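I have placed the structure first, in the form of structure tokens, so that the comments after it can refer back to it.
Nothing in this text is a laboratory measurement; each read-out follows from the coordinates by a stated rule. A quick note: this is a predicted structure, and the numbers were derived from the prediction, not measured. Don't worry about glycine lacking a Cβ; one is built from the backbone with ideal geometry, like all the others, and counts go over all protein chains shown.
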Amino acid sequence: MLLSRVLPSNTTLLPASSRTRAAPLRCHRVPVGRAITVPVRCRSTMTIQARDTPPVLDIEPQPLKLLDRGTKLKIAVIGFGNFGQFLARTFAAQGHEVLAYSRTDYSDTARSLGVAFFDNQHDLCEQHPDVLLLSTSILSAEAVLRSLPIQRLRRSTLFVDVLSVKEFPRNLFLQLLPPDFDILCTHPMFGPESGKHGWAGLPFVYDKVRIGDSDDRVERCHAFLEIFEREGCRMVEMSCAEHDETAAEIQFLTHTIGRVLAKLDLKSTPINTKGYETLLNLVQNTCSDSYELYNGLFIYNKNSTELIEKLDGALDGMKKELFDRLHGIFREQLFDSSGRRPIDVGN
Ligand code: NAP
């Protein structure tokens, strides 16, 4: 079989002399970021190495040693903004090793949380985290994922995302990640505002999109989910498609109403009712998230378009109902039951 048929597109053939370490011939599937030695026409040897690779240490996939380390994980958070920091605080508090990368320099914040901050994605990936958690804005997720030097990661890394829409990152991961990586799509349905007093009882949605069968991979996924379970989250296993359908109503609708109300510039008054207080809290809760997040909910959840149309229709319908009744009352006052005007207006 032609080598070019079985090798990933980022693979280069190097002369055997340039290899870092000649490894015994075993497996012919070339993991990205590693090198193996294969016989060429069964006589000489060549080293196959993915381009832009770190030094080759071993050709065998490294088994995860979760059980040796208890259930402590090495978690790399990509996107260390508002939500990434919020999650990292709890990961670190539970004793996991947390690394972070972001386009902004958050090294001071990271230090205060016990997180190792990297300003270079290559350096972070070379730390071989067990879990790589994508916590960037929905709008930037694809560009960030494409820019990650995934060839530097251990090839069975678990990729997790926490984006507030789910079908989009699922498809992105399946499209861009090599089949050896595990994929867990999640949505903690709370944030720094709603979860500031703890996560107990708050919903955590997850979909095990692709988790390898081996015990270590199953265990690693379990260990990650356990972080949220330990905090008392309500764990909900749900497909990404089902999430998006449901979330459009409960999440996009909530954010839209909150942002519409914000445009009215509502003020607290000495006679606030409970209902009005709820509206003020809604404005506070939704507008403390970035506009980019809200925009992502609209653009990347196909159900949101239908929902905003329905909302528009519902407001129009309600206005029509009110004005029709108002017109009815006016008409009754202006005309008698025969339709004639009882009062000659203007005479
Ligand atoms: P966000 O505005 O959705 O995202 C901010 C993050 O995205 C920051 O880490 C930021 O990096 C990064 N980012 C934005 N544009 C970027 C670009 N062009 N290139 C690289 N990085 C970029 O706010 P967030 O609240 O932190 O949310 C992060 C993710 O968590 C989102 O996907 C959101 O849907 C999800 N989520 C949020 C909540 C919540 O309550 N906030 C709850 C559940 C899930 P820098 O800071 O370095 O610029």
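For the reader, a short list of remarks on this structure follows.
- The residue list 222, 80, 131 was ranked by how far each Cα lies along the charge dipole of the stretch 74-238 toward its positive end, using unit charges on Cβ atoms, and 80 comes out on top.
- Between the beta carbons of residue 143 and residue 319, assuming R0 = 45 Å, the FRET efficiency works out to 0.60 to the nearest 0.05.
- Interchain or long-range residues, amide H under 5 Å from residue 77's placed H: 99, 100, 101, 133
- Rh by Kirkwood over Cα pairs, then Stokes-Einstein D for the stretch 246-333 at 1.567 mPa s and 4 °C, µm²/s: 86
- Inter-centroid distance (Cα atoms) of the stretch 129-201 relative to the stretch 212-229, Å: 15
- Exposure proxy for 302, 320: other Cβ atoms within 10 Å of each Cβ, ordered fewest to most, give 320, 302.
- Residues listed by number, the stretch 152-189, amide nitrogen under 18 Å from residue 241 label point at 7 Å toward C-beta: 165-175, 185-186
- Percent RCO, i.e. relative contact order, over the stretch 246-333, from Cα pairs under 8 Å lying at least 6 residues apart: 37
- Residue-span extension gain [residue 281 to residue 120] - 0.36 nm each, minus C-alpha spacing: 54.1 nm
- Each residue of the stretch 74-238 gets 105 Å³ once the volume of the Cα convex hull is shared out per residue.
- Take the Cα of residue 174, step 7 Å toward its Cβ, do the same at residue 72, and the gap between the two points is 3.7 nm.
- Across the stretch 234-242, rounded Karplus estimates of 3J(HN,Hα) from the backbone phi angles (6.51 cos²θ - 1.76 cosθ + 1.60, θ = phi - 60°) give 8, 7, 10, 8, 7, 5, 4, 5, 5 Hz, Gly and Pro being marked x.
- Largest-first principal axis extents, alpha carbons of the stretch 124-185, Å: 28, 19, 16
- Seen from all directions on average, the stretch 193-347 presents a Cα convex hull projection of 16.3 nm².
- Each residue, residue 196 and residue 208, gets one label point 7 Å from its Cα in the Cβ direction; the gap between the two is 3.6 nm.
- Tail beyond 20 Å, pair distance distribution of the stretch 90-172 (Cα, percent): 35
- Sequentially through the stretch 305-318, phi angles give Karplus couplings (6.51, -1.76, 1.60; θ = phi - 60°) of 4, 4, 5, 5, 5, 4, 5, 4, x, 5, 5, 4, x, 5 Hz, Gly and Pro residues having no value and appearing as x.
- Using the Cβ-Cβ distance between residue 260 and residue 302 with R0 set to 35 Å, the FRET efficiency from 1/(1 + (r/R0)^6) comes to roughly 0.95.
- As a proxy for reagent exposure, ranking 106, 101, 291 by other Cβ atoms within 10 Å from fewest up yields 291, 106, 101.
- Label-to-label distance for residue 271 and residue 222 is 6.1 nm, based on points extended 7 Å past Cα in the beta-carbon direction.
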